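Data block below; observations after.
The values are calculated or read from the model by the stated rules, or taken from the named source; none is laboratory data. Bear in mind that the values here come from a model prediction, so they are computed numbers and not experimental data. Cβ: placed from backbone, ideal geometry, glycine included. Neighbour counts: every protein chain shown.
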C-alpha cells in the first residue's frame, strides 16, 4: 500500500483549446493538491483573474466550486485530491 502522506509530483501539459497559435503551460503539481489548488495554479500560470465560480470535468466526474457545487452529482473542490482522479 502506498504511503498516503507522501505526495507524488505530477507533470501536466495544459493548453487552451480551439485557438491558434496554441497557448500552453507545463506545470508541476503535488498529488495532495486539490482541484481548487489546481484551479488557482492554472489561473496564475495563464495570468488570469481569479473567478469565484468554477466547474471542471475530470476522470468522467464533475467537480465544482462556489454556487455551482450545489448541482447534483458534484463533489466539493476543497476536498478532492488530484491523486483520487487516476
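A few remarks follow.
- Residue within the range 37-50 that is modelled with pLDDT of 55 or more and in a strand (DSSP E or B) present: no
- The residue pairs whose first member lies in the range 74-86 and is over 12 Å from residue 8 (Cα atoms), whose second member is modelled with pLDDT of 65 or more and part of a helix (DSSP H, G or I), and whose beta carbons are closer than 6 Å, counting only pairs six or more residues apart or on different chains, are 77/35; 77/36; 78/36; 80/35.
- The residue that is farthest from residue 84 (Cα to Cα), among those in the range 13-36 that are surrounded by 14 or more Cβ atoms within 10 Å (Cβ to Cβ) and free of Cβ contacts under 8 Å to residues at least 24 places away in the same chain, is 25.
- Residues in the range 1-11 that are surrounded by 10 or more Cβ atoms within 10 Å (Cβ to Cβ) and without any contact (Cβ under 8 Å) to a residue 24 or more places away in the chain: 4 alone.
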